[in-house]
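Report on one structure; see the data block that follows.
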Amino acid sequence: KSQTSSIHSDGANGLINSIYFDISTNAPSGAVVSVKSLNSGLQGPGSNKLPSIGVSLGADGVTRTDGEDIPANSGVYGYNLPVVSSQLHGVILKNSLCDTSMKFCGASSTPKTGFTTNDLPVDTARVRMDLAAAANYTNSPGTYTDTLTFFATATF
């Protein structure tokens, strides 16, 4: 999980980084920030894949929906927004299904709302997104990747 100390590919130990969003908008109805996944999961070596939570069956045979935790050995991955956002003015409304350290959403091939500015302008907001993955013993060792695309849409 993000913000957990781990051994990195360079052999050094350190925190896994998070994704930070810095957003300001004067659009009368604020903004919506969505996330889209290229693979709807972490694509591994060969046909190995850790699907996004809420997209399909995990490697452990259990279907988990957005809003659930990612337990060890589940074979799924996802994201959450577990920290209170900061902003000078305005409000950030995080997707309630993934707004705590124990509730995750899965990125799918169609954009999914991560957070909004509550239909109002916002000034100098910062929102943290953490990622988590739990391989199953049936997943082959190797590098697993996904490409996430973020859409920040001003609403008028």
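A compact table of results
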{"read-out": "Any strands (runs of 3 or more DSSP E) falling wholly within region 66-156 and containing at least 1 residues that are free of Cβ contacts under 8 Å to residues at least 60 places away in the same chain and closer than 16 Å to PHE21 by Cα", "value": "76-80"}
{"read-out": "Subset of region 110-121 (residues that are open to solvent by 10 Å² or more (accessible area, probe 1.4 Å) and β-branched (Val, Ile, Thr))", "value": "THR110, THR113, THR116"}
{"read-out": "Residue list for region 28-50, filter: touching a Ser or Thr at 6+ places or on another chain (Cβ under 6 Å), open to solvent by less than 60 Å² (accessible area, probe 1.4 Å) and among the hydrophobic types (A, V, I, L, M, F, W, C)", "value": "ALA31, VAL32"}
{"read-out": "Lone unmet requirement of (1) open to solvent by 40 Å² or more (accessible area, probe 1.4 Å); (2) touching a strand residue (DSSP E or B) at 6+ places or on another chain (Cβ under 7 Å); (3) of a type in the set (A, V, I, L, M) for ALA107", "value": "(1)"}
{"read-out": "Filter pass, SER34 being under 24 Å from PRO82 (Cβ atoms) and in contact with a Lys or Arg (Cβ under 7 Å, 6 or more places away or on another chain)", "value": "yes"}
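The values are calculated or read from the model by the stated rules, or taken from the named source; none is laboratory data. Given the structure is predicted, the values throughout are model-derived calculations rather than measurements. All Cβ positions, even for glycine, are placed from backbone atoms using ideal geometry, and neighbour counts span all protein chains on display. For accessibility, only protein heavy atoms count, side chains too; no ligands or nucleic acids. Shrake-Rupley method; radii C 1.70, N 1.55, O 1.52, S 1.80 Å.
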